[in-house]
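Here is the structure we will look at.
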Amino acid sequence: KMTFTGKNVLITGASRGIGSEIARYLAKQGLKVWINYRSSAAEADALKVEIERDGGKAAVIGFDASDEEAFVNAVKTIVDSDGSMDYLVNNAGITNDKLALRMKIEDFESVIKANLTSTFIGCREALKAMSKSKFGSVVNIASIVGETGNAGQTNYSASKGGMIAMTKSFAAEGAARAIRYNTVTPGFIQTDMTNELKEEIKNYYIDKIPLKRFGKPEEIASAVAFLLSDEASYITGETLKVNGGMLM
Ligand code: NAP
């Protein structure tokens, strides 16, 4: 087990995929997990039941992470309930892939808002909430595509590259209060997001991955848990690649 000074964590987009696995993993580490969802209420409720059945602590909190007022209210709800918000994982994210020549400005801006603006709001509200306790740690889930770029993903890569740089800026601002900010950049992970890819495209990417497979969501969760934990107490502003060697 890893060591955690804090007691609770908010994970955005935790109803499915990587976020739900982060919730399971952190609950097993003894943290109370606040499961955020936007539309998958049934999945979020089922996850809470599962975590509690396994002896963990969980609560469900529905809001759109790109809605400033909703996010601010959610952090307030958590602090009112538990006395603090100790950890935050900004995981909620979407894709809307198309070649740049066909990409409308709305296609670009909506992905920036869902991925980058939501993360900004979360990081800022965490800085406020965690400043009071002079303790806290935030992990943002970006992507390998934010490091390399990718055809068909000018919007998504811009949002994820922005997250990587923004996390370092928050790390610089949070450091005086001992609040750490780090990024995890997953490669290709088995979730609904990548299940949409055609078989030939999946095989094309697998060929480029030295470990010759897509990652599992729990392989992201363990990296997130490490960065949040006391074991990573001297790590801030870092970008941790979890990609099977696809980018070294
Ligand atoms: P996913 O299976 O599509 O799940 C996305 C999750 O985000 C869902 O729980 C969804 O909730 C939630 N969500 C989306 N927009 C939201 C919003 N505005 N407010 C609150 N929740 C929202 O995706 P995933 O593959 O697990 O991806 C999770 C994160 O990892 C994303 O940031 C993604 O960019 C990143 N990532 C994924 C991969 C990969 O290969 N899968 C690789 C690199 C990075 P609802 O269903 O309730 O809407």
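For Val60, nonlocal amide neighbours, meaning residues 5 or more places apart or on other chains whose placed amide H falls under 5 Å from its own, are Ile35. In degrees, nearest 10, range 0 to 90: what is the angle between the Cα axis of helix 217-228 and the longest Cα principal axis of the chain? The helix 217-228 is inclined about 50 degrees to the chain.
When Tyr234, Tyr37, Tyr156 are compared by accessible area of protein heavy atoms, the largest-first order is Tyr234, Tyr37, Tyr156, using a 1.4 Å probe. Annotation note: trypsin sites (Lys or Arg not before Pro) in region 90-120 located in DSSP loop regions with a Cβ neighbour count of at most 16 within 10 Å are Lys98, Lys104. The residues packed around Ala44, meaning those with a beta-carbon under 14 Å from its beta-carbon, carry a net charge of -2 if Lys and Arg are +1 and Asp and Glu are -1.
Please state the shape class of region 93-240: rounded when a/c is under 1.5, otherwise prolate if a/b exceeds b/c and oblate if not, all from the C-alpha gyration tensor.
oblate
In the structure shown, do any of Lys134/Lys160; Lys1/Lys160; Lys7/Lys98 have a Cα-Cα gap over 32 Å, and if so which? Checking Cα-Cα distances, Lys7/Lys98 exceed 32 Å.
Taken over region 45-85, the convex hull of the Cα atoms encloses 71 Å³ per residue.
Tally up the carbon and sulfur contribution to the accessible surface of the chain as a whole percent, 1.4 Å probe, everything protein left in place. Mind showing how you got there, number by number?
Working: 6140 of 11660 Å².
Its accessible area is 53 percent carbon and sulfur atoms.
Counted over region 87-130 with a bin width of 10 Å, the fraction of Cα pairs per bin, in whole percents, is 27, 41, 22, 10, 1. Against the empirical curve 2.2 N^0.38 Å, the C-alpha radius of gyration of the chain lands at a ratio of 0.96.
Quick one: accessible area per residue over region 186-248, 1.4 Å probe, rounded to a whole number of Å²?
Numbers: 3680 Å² over 63 residues.
Averaged over the residues of region 186-248, the accessible area is 58 Å².
Placing a pseudo-label 7 Å from each Cα along the Cα-to-Cβ vector at Arg213 and Ser81 gives an inter-label distance of 3.6 nm.
Legend: calculated FRET efficiency, Tyr234 to Asp45, from the Cβ-Cβ distance at R0 = 41 Å, rounded to 0.05, equals 0.60. Gain on full extension, evaluated as 0.36 nm per residue between Lys202 and Thr148 minus their Cα-Cα distance, stands at 17.7 nm. Taking label positions 7 Å along the Cα-Cβ direction at both Ile164 and Ser222, the computed distance is 2.4 nm, reported to one decimal. Among beta bridges identified by DSSP and lying wholly in region 115-248, the antiparallel ones come to about 0 percent. First check a/c for region 107-158, with a ≥ b ≥ c the square roots of the eigenvalues of its C-alpha gyration tensor; if it is under 1.5, answer rounded, and if not, answer prolate when a/b is larger than b/c or oblate otherwise. Oblate shape, in that a/c is at least 1.5 and b/c is the bigger or equal ratio.
Stokes-Einstein diffusion for region 31-101 at 10 °C, viscosity 1.306 mPa s, with a Kirkwood radius from C-alpha pairs, works out to 116 µm²/s.
The values are calculated or read from the model by the stated rules, or taken from the named source; none is laboratory data. As the structure is a prediction and not an experimental result, all values here were calculated from the model. So basically every Cβ, Gly included, is an ideal-geometry build from the backbone, and we count neighbours across all protein chains shown. Note: areas computed on protein heavy atoms with side chains; ligands, DNA, RNA excluded. Shrake-Rupley method; radii C 1.70, N 1.55, O 1.52, S 1.80 Å.
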